[in-house]
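One structure is given below, encoded as structure tokens.
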């Protein structure tokens, strides 16, 4: 080998040609191998080998060797080598050592674990370092839980974190948790996760086992909608509250990650776990409620009892579906207090892979049955908008040792809705078979829901349902478009047929032109005088009464022979299709289309313009041109239909009627909103959002309001509205709305206002073109005040007045700290200064412009996020603190900022918090030090507007008087920015950044916004008679129903038989009391019968105001050459042209 691979070998390798094919052929000829194996990093020689084998001339009956590679680029080497071994084995090679392939050196292998990599003294280094995260990854304190997952590797004792990947294959029952066909993570699963995490946290702290769990202020901020194809990562984090102590509450947060959305906070709240023995067991547990005791499940009126299967069926009809294991309810019984449900725990392991499920402290199916009974109004009726829980004010779970929570165990759930408010809703669970069935083991106080509208389907483009005929100029005329050979093959015969003597001059001119273009002198004839039907024909049918309108038997037979026997035919009409003053003549168009389809014949039509300015020469030239293009050209692609327009030929084209398709698409309600004027006569619009939090999805829809006003109601046209952080939340939930406008209508007992009065109002709602509200919620605007300024009065100044004057009772000389908020601007500052109070403002450094403005009016400004905030406040107040604190939960304020502000309250001070938007974090009232007699009050202007209208009227009156006093707005200049409706999206995005300046929306009549298509307001004549020919058929009956719904009250249904049958009687029963339907027997093809019908109609019915033709006749006939004259006559009498002529009477 050394000699062969010496230096000369490598020299030759570089300088001599590679004779690979020759060597391979020699190998195959001498050794005759069965298999060729390439040993290399890739099957690089496969191509040359296969080509060489193909060119190799082997002896007969000699098998060509197979090729096998060892390694293939891009594939695992082990896999390709094992495939090679398998192929060798299948080809009969027995030299393979499978034991060496599948094992190492021992027959039985014993895996060995190395707990730590030992270091040696002489190395003076550690070769193995295991970090805290690595240790926690390897040594999990608890096994994985199906819902909670496992503790995260980065989890810390102070903030324990659990991580799980929710996959539908791992939790198959989640597939059936649906709302509007979307898979939603159930709210009960959040509670179950928190319970599991709290119990594990207690064990980590080394505390005794717990059995009582209290959850507070649980907010589900964003629902988790699961997808089939990908998993959703969920993190649950606990962090201790600042109060400390063993019994302190833990704040928990559940967030999720999806690739399309990133991280989202889904649930937030507070939890506390205590040992079971440390909790007093009393009826109703923590609930102080007079009726908190188990009610009987067998009421006297057992008719109201609804089986659980029917309950879940009704919920399904509203769009809500539950997993099988969540269908615990067996019966639901409504009573005067709420509802009662009897339930039995399902075996949820049946829905899990391999029938295995990790143990639960409390399975979410049990908690969810309480939510189901709380939704009993939908389950009992099967109607309503589906909803999902968004807040649990307080939840207590008491896991008694005697409470069996395994499959088949029974329990009872009851609700108490006596208070009528979501925050007072009480849901309780009782162990039906336990030692103490009168004690509620699970209690929920305050359950709030959010409605879930069906997801907006992606708007499809309008379907091509409607088409129209579009006429376009024919192609340019060719000088030589005649096929001479084609003419000679049919005896060189051209015949012109005229149906009337008035066309003799035109026929004469036409014959002359045809002789000049074809070299053949045409013959002229009447239809019945044609001796034979070979050759080419032009039939001039331009008389006022067309040939087919009153064809005789002999004429029909002649037409049949002409169409079937002629080598080519051009039928000329006048006023039939393009300018249809003579629609009877257009029957030939359908006849010749049928002939072309059945007989594949050459049959063309030309429709002349009845108002043409052309003379006989011009018309003859058009006919000759159309005849040459269609008949004499012998072109299979030639045009077969022509019409005259402005002295030239045009041809029809079938085109999509986009305008009609779009109109139809919008009328049936499947189109997206599109740009329309903001103000439209007869429409009241309100803002809607296609997707929460997406300003680009906003549009306007019709406001559903009753037509009649209440006695004390006023309807105003909104001309200006204040934009607040509630609007920036981009949600359809109503909120307090300050606006101004003009009175449009007033109720019958309204005395303080008149139509066209300029007013401002405090309402609960959303942006709308019109608003209805009690007269007490309005106040008249002075003539010297602009509508923009007036729009700020109800909300900005009204909230400040109510909070500081009515609630806090602000007095002269008191110190007031105002947390700056863009919704209210400087209104609280101006108001407090005007009442002689010492004003301080809490503002962040991001509000630099606001800070400069405040300092210009000598108002001290402090930053709550500063480390020295409390010290500066104490210094400014000489250690006294603030007598009144006005705060808000609106962004950008965090809960920590609010708590620092609250901490500055003085003894006997008052804290007033204004409710922020739905996504704002709320501070808890227990942060106050009540030992110093501090008081707390919350202000919700939306509820005030809807529940206390007289108080609102008093506040608006006081505010308006203050505005025009010496200390009011006359002394201050309100800061605001006006925008048009077109810029609403930009304003919603920027409103959160407005620290001081307020934004007023002032729509104009020219503003174009996205609006839904208006609903059809078609109203038919209710005083006239609507005649429907063929009205007793299916189409006619459907028309009657449609027209009745649009105001028509008198119908005359005409048919040949007079109408009878069950379906017709059903129609008469349906419209009884709504409309009068008369049925008459009449053959409208008979003008005498029609005339008699028209003469008798006014005697018993109102005047005829419209006629609809709904007749269709279906005839099965033979091909044209074999149709009898009777068949044609019957079909033609059923055509609309006869009815049109008859009904002209």
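The values are calculated or read from the model by the stated rules, or taken from the named source; none is laboratory data. Since we're looking at a predicted model, the values are computed, not measured. Note that we place each Cβ from the backbone using ideal geometry, even for glycine, and neighbour counts take in every protein chain shown.
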Take the stretch 1019-1064 and flag every residue that is within 21 Å of residue 1100 (Cα to Cα), at pLDDT 85 or above and surrounded by fewer than 16 Cβ atoms within 10 Å (Cβ to Cβ).
1022, 1023, 1047
Please verify whether the stretch 500-509 includes one or more residues that are in the same structural domain as residue 601 (by TED's automatic domain parsing), under 60 Å from the mean Cα position of the chain (by Cα) and under 29 Å from residue 648 (Cβ atoms).
no
Return the total of residues in the stretch 488-526 being part of a loop (DSSP other than H, G, I, E, B) and in contact with a strand residue (DSSP E or B) (Cβ under 9 Å, 6 or more places away or on another chain).
8
If you scan the stretch 1082-1110, which residues turn out to be farther than 24 Å from residue 1039 by Cα and part of a loop (DSSP other than H, G, I, E, B)?
1086
Lone qualifier among 922, 931 - being at pLDDT below 65 and not in a loop (DSSP other than H, G, I, E, B)
931
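Listed here are the residues, each with its yes/no results for (1) within 18 Å of residue 586 (Cα to Cα); (2) crowded, with 20+ Cβ neighbours inside 10 Å; (3) out of contact with any helix residue (DSSP H, G or I) (no Cβ under 9 Å at 6 or more places or on another chain).
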{"site": "521", "(1), (2), (3)": "no, no, no"}
{"site": "531", "(1), (2), (3)": "no, no, yes"}
{"site": "538", "(1), (2), (3)": "yes, yes, no"}
{"site": "542", "(1), (2), (3)": "yes, yes, no"}
{"site": "557", "(1), (2), (3)": "no, no, no"}
{"site": "567", "(1), (2), (3)": "no, yes, no"}
{"site": "572", "(1), (2), (3)": "yes, yes, no"}
Which listed residue is surrounded by 18 or more Cβ atoms within 10 Å (Cβ to Cβ) and within 15 Å of the chain's Cα centre (by Cα), from 671, 725, 721
671
Would you point out which residue out of 577, 546, 612 is in contact (Cβ under 8 Å) with a residue 60 or more places away in the chain, within 57 Å of the chain's Cα centre (by Cα) and either part of a loop (DSSP other than H, G, I, E, B) or farther than 20 Å from residue 639 by Cβ (or both)?
577
If the requirement is being surrounded by fewer than 22 Cβ atoms within 10 Å (Cβ to Cβ) and within 34 Å of the chain's Cα centre (by Cα), which of these qualifies: 749, 733?
733
Failed condition for residue 12, given (1) in contact (Cβ under 8 Å) with a residue 12 or more places away in the chain; (2) part of a helix (DSSP H, G or I):
(1)
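Listed here are the residues, each with its yes/no results for (1) assigned to a helix (DSSP H, G or I); (2) surrounded by 15 or more Cβ atoms within 10 Å (Cβ to Cβ).
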position: 406; (1), (2): no, no
position: 434; (1), (2): no, yes
position: 446; (1), (2): no, yes
position: 464; (1), (2): no, no
position: 469; (1), (2): no, no
position: 476; (1), (2): no, no
position: 486; (1), (2): yes, yes
Residue tally, condition within 23 Å of residue 145 (Cα to Cα), surrounded by 16 or more Cβ atoms within 10 Å (Cβ to Cβ) and modelled with pLDDT under 90, over the stretch 227-249:
1
Identify, by number, the condition in (1) modelled with pLDDT of 85 or more; (2) surrounded by 11 or more Cβ atoms within 10 Å (Cβ to Cβ) that residue 62 doesn't meet.
(1)
Of the residues 641, 659, which single one is out of contact with any helix residue (DSSP H, G or I) (no Cβ under 6 Å at 6 or more places or on another chain) and at pLDDT 90 or above?
641
Taking the conditions exactly as written (under 16 Å from residue 539 (Cβ atoms), modelled with pLDDT under 90 and in contact with a helix residue (DSSP H, G or I) (Cβ under 8 Å, 6 or more places away or on another chain)), does residue 585 satisfy them or not?
yes
Considering only the stretch 619-662, state which residues are part of a helix (DSSP H, G or I), more than 23 Å from residue 522 (Cα to Cα) and in contact (Cβ under 8 Å) with a residue 40 or more places away in the chain.
658, 660, 661, 662
Identity of the residue in the stretch 549-566, modelled with pLDDT under 90 and assigned to a loop (DSSP other than H, G, I, E, B), that ends up nearest to the chain's Cα centre (by Cα):
551
So which residues in the stretch 250-269 are at pLDDT 90 or above and within 14 Å of residue 166 (Cβ to Cβ)?
254, 255, 256, 257, 264, 266, 267
Being at pLDDT 85 or above and farther than 30 Å from residue 566 by Cα, is that true of even one residue in the stretch 1131-1142?
no
